[in-house]
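S.K.: Handing you this structure, nothing more for now.
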Amino acid sequence: MDILQYPDPRLRAPNAPIVEFTPELAKISAAMFEAMYRTDGVGLAGPQVGINLKLLVFNPGGDSASSETEVVLCNPKIVSRSRETESGEEGCLSFPEINAQVVRPITSIVEAQDIEGNGITLELEGWASRIFQHEYDHLDGILFIDRMSSPDKTRIRPILNELIAEFRVDLAGTSRN
Ligand SMILES: [Zn+2]
């Protein structure tokens, strides 16, 4: 399973609700964890692997040794968020070599379904809440570059331009095959 990089249009495409909780869906989420650990990530959303469904996985522990903190969420909805916010550094597997501060609410309460379709409610705070909100944004087609400060956007512009150029080259290569 490959992780798509910006500006792949699937990162901005709409993501459909999950209606069937099949064994295939469980396989997809397992493969997403594998791809995430392989690339030293802590979270991954369906659209980042070309699966435009409301599916995300994360693990604040960040490695397969801490599998007890793995979370898979289907059709997540944010019920409430704290008014209090904080700034924290984020990266994104779809934007290699970019890190920047993003301001987000500190806590979030989430309703979702697990991989079998059972309803679950999570109260998240701090690092886990930040990771969740980053991945949740992906399900709305929102990327962390959309939430950066203007100085950071200016700073990373050359890297974005490089990613855009590489994507065009890859596309040209694909169309020749
Ligand atoms: Zn991301």
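S.K.: Across 10 Å bins from the origin, how do the percents of Cα pairs in the range 1-88 run, short distances first?
M.R.: Using 10 Å bins, I get a P(r) of 16, 43, 35, 6 for the range 1-88.
S.K.: So, by mean Cβ neighbours within 10 angstrom, what's the order for 139-151, 41-53 with the highest one leading?
M.R.: Ranked by mean Cβ neighbours within 10 Å, highest first: 41-53, 139-151.
S.K.: Rg to Rh ratio, the chain, alpha-carbon atoms and Kirkwood radius? Spell out each step's value before the answer.
M.R.: Values: Rg = 16.2 Å, Rh = 16.8 Å.
Rg/Rh: 0.96.
S.K.: Here's a follow-up. Between rounded, prolate and oblate, where does the range 55-111 land on the alpha carbon gyration tensor, with a ≥ b ≥ c its root eigenvalues, rounded for a/c under 1.5, else prolate if a/b exceeds b/c?
M.R.: Oblate, because a/c is 1.5 or more while a/b does not exceed b/c.
S.K.: Hey, how many Å between the Cα centroid of the range 109-177 and the Cα centroid of the range 1-72?
M.R.: Cα centres, the range 109-177 to the range 1-72: 11 Å.
S.K.: Could I ask something else about it? Nearest 20 debye, what's the magnitude of the dipole of the chain about its Cα centre given +1 on Lys and Arg Cβ and -1 on Asp and Glu Cβ?
M.R.: I would put it at about 680 debye.
S.K.: Per DSSP H run of n ≥ 4, the term is -39500 (n - 2.57); total these for the chain, divide by its residue number, and report the mean residue ellipticity at 222 nm rounded to 500 deg cm²/dmol.
M.R.: About -11000 deg cm²/dmol.
S.K.: Separate question: Are there any trypsin sites (Lys or Arg not before Pro) in the range 47-107 that are in a DSSP loop and have at most 15 other Cβ atoms within 10 Å? List them by number.
M.R.: ARG83
S.K.: Specify whether the C-alpha gyration tensor of the range 96-177 places it in the rounded, prolate or oblate class, a ≥ b ≥ c being the square roots of the eigenvalues: rounded for a/c under 1.5, otherwise prolate if a/b is larger than b/c and oblate if not.
M.R.: Oblate is the answer for the range 96-177, as a/c is 1.5 or above yet b/c matches or exceeds a/b.
S.K.: Below 14 angstrom from the Cβ of GLU34, what's the summed charge of the other residues (Lys, Arg +1; Asp, Glu -1)?
M.R.: -2
S.K.: Averaging sequence separations of C-alpha pairs under 8 Å and six or more residues apart, then dividing by the length of the chain, give the relative contact order as a whole percent. Intermediate values should be presented prior to the final figure.
M.R.: Details: 301 pairs, mean separation 41.4, N = 177.
Once normalised by length, the contact order is 23 percent.
S.K.: For the pair ASP2 and ASN99, how long in nm is the line joining their label points, each one 7 Å along Cα→Cβ?
M.R.: Using points 7 Å along Cα→Cβ, the separation is 2.7 nm.
S.K.: Over the range 16-99, what is the relative contact order in whole percent, taking alpha-carbon pairs under 8 Å and six or more residues apart?
M.R.: RCO, the range 16-99: 24 percent.
S.K.: While we're here: Pull up the cross-link candidates among the lysines for LYS27, meaning alpha carbon to alpha carbon under 20 Å and not fewer than 8 places away within one chain.
M.R.: LYS54
Values quoted throughout were computed directly from the atomic coordinates according to the rules given, and no laboratory measurement underlies them. If you're wondering where the values come from, they're calculated on a predicted model, not measured in any experiment. Positions of Cβ are backbone-derived with ideal geometry, glycine not excepted, and every protein chain shown enters the neighbour counts.
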